[in-house]
Amino acid sequence: MNEDRNGVNRNKFSGKSGGQEDKQYDFYKKILMALSNELRGNKIDLSTYPKEKTRQMLESYLERIVTNELTSNYQTMNRGERKTIIDQCIDDTLGNGPIESLLRDESITEIMINGPFDVRVEQNGLQKKTPIKFYNEQHLMNYIERVVSRSGRHIDEANPMVDARLENGSRVHIVIPPVSLNGPHVTIRKFTKAILHPEKLIENGSVTHPVMRFLEACVQSQLNIIVSGGTNSGKTTLLNVLSAFIQPEQRIITIEDSAELQLQQEHVVKLECRHASIEGKNEITTRDLVRTSLRMNPNRIIVGECRGGEALDMLQAMNTGHDGSMTTIHANSPQDVISRLETLVLMAGYDLPTRAIRDQIASAVHLIVHTAHFIDGKRRIQNVSEIRRTGTANIEVVDIFTFDQTGYSANNTIHGKLIANNITPRFLSSLHKAGFTFPQNFFEKA
């Protein structure tokens, strides 16, 4: 992972700060500064050149700069070391410094930088430490400031927590001292352009074919669906997959804090929140966008995640003719979704009685699809549940399908599948009206 395609160790100069490492970082900074001066002096705008041409041009400049610097200071450097420092300078100029190779690796979904000398990734669902390092804390802070400035944001001791986005769409969350007691921390949730199809989830064991067919019927029958789960449990991925079942002629409005949904239909309006400026002004929230979307004649509204008062607006939209709407929510279980929704609705600032909130939920939401990140690294659908009204002020969550774990093999793989629970959904007639039928024993426990 720490070698480029030429087999050169990209982290030859990386290590703990102090002594020799600081000298190496000083040399690196000199080269980077000389490159910047040369480009500025020659009035070269890198953005006007094709990517491959830009890299070739930088390599040519850097070869000469490194040679001149070594000659003037009577230093030597072997071919591999020269290649390493030139590549690092190019990555810092054009990309993301030491972690550029991690961002290119499609098997990595998350990058966690815990200070300059501890870079970890989530790969194939499991976390592990990498040999990648920054030179020192200043090198890391330089990278952080570059990322933040590209997003039009600002970070310092007075504003030590920032959300940003890389040019490829990956989400970045940054925390620095004094909030972080042990140095700067960067968490990158990678954005992938690859479209994940339902068949891939079935192949991965995340869901069975019958349950996926049932979910397809629910989406096309315009049921209102909440995808729930813990952090990093695959909620957005599943929402992307379910959205593929929406009829192509429908007008869909997506609302996200940071754009991740990849709908393939033609008539999609994408809305994204805007963070407040440095002065604390001009913020546009998810709630603002949900309200705006209601005036835009949508067939469906898809909210990337409900995490505040917008939950009330979403429920009202579901109750006023916007059937087939979908969203995700953080919750530990399908049953926990109800109390979570109640809390979020109260965040809208209205003193609503519990009975009124539960009436809204029972009328609005048909289905909860709960996801989980299992200890073997796989993300699976754990429950498919129906919300039912049981009285004047009560609702219950009934599991139609539940993941049944049957074993755990020596290679740390969980075995099991989603099974029916002898529960026939009350909305089954809606699926029939939309043209979907199921075998008589489809909902019977095997």
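Against the conditions (1) closer than 23 Å to residue 332 by Cβ; (2) at pLDDT 95 or above, where does residue 416 fall short? Just the number, please.
(2)
Please go through segment 252-282 and pick out each residue that is open to solvent by 40 Å² or more (accessible area, probe 1.4 Å), more than 25 Å from residue 109 (Cβ to Cβ) and in contact with a strand residue (DSSP E or B) (Cβ under 7 Å, 6 or more places away or on another chain).
267, 274, 282
I'd like the residue in segment 324-354 that is in a loop (DSSP other than H, G, I, E, B) and among the aliphatic types (A, V, I, L, M) and, out of all such residues, is nearest to residue 245 (Cα to Cα).
Step one: filter segment 324-354 for residues in a loop (DSSP other than H, G, I, E, B), giving 324-325, 331-333, 347-353.
Going one step further and asking which of them are among the aliphatic types (A, V, I, L, M), we end up with 331, 347-348, 352.
Working: 331: 24, 347: 32, 348: 31, 352: 35 Å.
Taking the candidates together, the pick is 331.
If you check residue 193 against the conditions, is it under 17 Å from residue 125 (Cβ atoms) and either open to solvent by 30 Å² or more (accessible area, probe 1.4 Å) or assigned to a strand (DSSP E or B) (or both)? So that I can check it myself, show each step before the final result.
Values: under 17 Å from residue 125 (Cβ atoms): no; either open to solvent by 30 Å² or more (accessible area, probe 1.4 Å) or assigned to a strand (DSSP E or B) (or both): yes.
No: the conditions fail for residue 193.
Would you confirm, using the coordinates I've provided, whether residue 269 is of a type outside the set (Lys, Arg) and assigned to a strand (DSSP E or B)?
yes
What's the number of the condition residue 162 fails, among (1) open to solvent by 40 Å² or more (accessible area, probe 1.4 Å); (2) part of a strand (DSSP E or B); (3) within 24 Å of residue 93 (Cβ to Cβ)?
Answer for residue 162: the failing condition is (1).
Within segment 221-251, take every residue that is of a type in the set (Val, Ile, Thr) and open to solvent by 10 Å² or more (accessible area, probe 1.4 Å) and give me the one that is nearest to residue 274 (Cα to Cα). Spell out how you get there, then give the answer.
Within segment 221-251, the subset of a type in the set (Val, Ile, Thr) is 225-227, 231, 236-237, 241, 246.
Narrowing further to those that are open to solvent by 10 Å² or more (accessible area, probe 1.4 Å): 231, 236-237.
Working: 231: 22, 236: 20, 237: 23 Å.
Among residues in segment 221-251 that are of a type in the set (Val, Ile, Thr) and open to solvent by 10 Å² or more (accessible area, probe 1.4 Å), the one nearest to residue 274 (Cα to Cα) is 236.
Among the residues of segment 360-372, which ones are open to solvent by 10 Å² or more (accessible area, probe 1.4 Å) and either in a helix (DSSP H, G or I) or of a type in the set (A, V, I, L, M, F, W, C) (or both)?
Within segment 360-372, the first condition is being open to solvent by 10 Å² or more (accessible area, probe 1.4 Å), and the residues that meet it are 360, 362-363, 366, 372.
Selection gives 360, 362, 363, 372.
Only residues that are open to solvent by 40 Å² or more (accessible area, probe 1.4 Å) and touching a strand residue (DSSP E or B) at 6+ places or on another chain (Cβ under 8 Å): list them for segment 88-106, please. Break it down into steps so the answer makes sense when it comes.
Here is the first cut: in segment 88-106, the residues open to solvent by 40 Å² or more (accessible area, probe 1.4 Å) are 93-94, 104-106.
Within segment 88-106, 105 is the sole residue that qualifies.
Within segment 166-177, is even one residue loosely packed, with under 15 Cβ neighbours inside 10 Å, over 23 Å from residue 105 (Cα atoms) and either at pLDDT 90 or above or in contact with a helix residue (DSSP H, G or I) (Cβ under 9 Å, 6 or more places away or on another chain) (or both)?
Yes, some residue in segment 166-177 is loosely packed, with under 15 Cβ neighbours inside 10 Å, over 23 Å from residue 105 (Cα atoms) and either at pLDDT 90 or above or in contact with a helix residue (DSSP H, G or I) (Cβ under 9 Å, 6 or more places away or on another chain) (or both).
Only residues in segment 330-352 that are on the phi > 0 side of the Ramachandran plot count as the first member; pair them with residues that are surrounded by fewer than 16 Cβ atoms within 10 Å (Cβ to Cβ) and not small (Gly, Ala, Ser), Cβ under 7 angstrom, at least 6 apart or cross-chain, and list the lot.
Hits for this filter: zero, empty list.
For the condition at pLDDT below 95, outside any loop (DSSP other than H, G, I, E, B) and either surrounded by 20 or more Cβ atoms within 10 Å (Cβ to Cβ) or of a type in the set (D, E, K, R) (or both), what is the one hit in 387, 357?
On the way: 387 fails: at pLDDT below 95.
Just one listed residue meets the conditions, 357.
Return the residues of segment 65-87 that are surrounded by 13 or more Cβ atoms within 10 Å (Cβ to Cβ), closer than 18 Å to residue 39 by Cβ and out of contact with any helix residue (DSSP H, G or I) (no Cβ under 7 Å at 6 or more places or on another chain); say none if nothing qualifies.
If the condition is that a residue be surrounded by 13 or more Cβ atoms within 10 Å (Cβ to Cβ), closer than 18 Å to residue 39 by Cβ and out of contact with any helix residue (DSSP H, G or I) (no Cβ under 7 Å at 6 or more places or on another chain), then 87 is the only one that fits.
Here is a check on your reading of the model: is residue 149 crowded, with 18+ Cβ neighbours inside 10 Å and polar (S, T, N, Q)? Break it down stepwise before answering.
On the way: crowded, with 18+ Cβ neighbours inside 10 Å: no; polar (S, T, N, Q): yes.
Taking the combined requirement at face value, the residue does not satisfy it.
Among the residues of segment 200-220 satisfying the criterion of being part of a loop (DSSP other than H, G, I, E, B) and open to solvent by 20 Å² or more (accessible area, probe 1.4 Å), which is modelled with the highest pLDDT?
That would be 208.
Quick one: what pairs do we get from segment 147-164, first residue under 18 Å from residue 99 (Cβ atoms) and hydroxyl-bearing (Ser, Thr, Tyr), second open to solvent by less than 20 Å² (accessible area, probe 1.4 Å) and not in a loop (DSSP other than H, G, I, E, B), C-beta under 6 Å, 6+ apart or different chains?
Between residues of segment 147-164 that are under 18 Å from residue 99 (Cβ atoms) and hydroxyl-bearing (Ser, Thr, Tyr) and residues that are open to solvent by less than 20 Å² (accessible area, probe 1.4 Å) and not in a loop (DSSP other than H, G, I, E, B), the close pairs are 151/164.
Checking the condition of a type in the set (A, V, I, L, M, F, W, C), touching an Asp or Glu at 6+ places or on another chain (Cβ under 7 Å) and either within 22 Å of residue 241 (Cβ to Cβ) or open to solvent by 60 Å² or more (accessible area, probe 1.4 Å) (or both), which residue from 375, 414 passes? Break it down stepwise before answering.
Numbers: 375 fails: touching an Asp or Glu at 6+ places or on another chain (Cβ under 7 Å).
Answer to the selection: 414.
Within segment 295-323, which residues are assigned to a helix (DSSP H, G or I) and surrounded by fewer than 21 Cβ atoms within 10 Å (Cβ to Cβ)?
So the first thing to find is which residues in segment 295-323 are assigned to a helix (DSSP H, G or I), and the list is 310-319.
Once the filter is applied, which keeps residues that are assigned to a helix (DSSP H, G or I) and surrounded by fewer than 21 Cβ atoms within 10 Å (Cβ to Cβ), segment 295-323 yields 316, 319.
The values are calculated or read from the model by the stated rules, or taken from the named source; none is laboratory data. What you see is a predicted model; the values in this text were computed from it and never measured. Glycine also receives a Cβ, built like all others from the backbone with ideal geometry; neighbour counts cover every protein chain displayed. Accessible surface areas use protein heavy atoms only, side chains included; no ligands, DNA or RNA. Shrake-Rupley method; radii C 1.70, N 1.55, O 1.52, S 1.80 Å.
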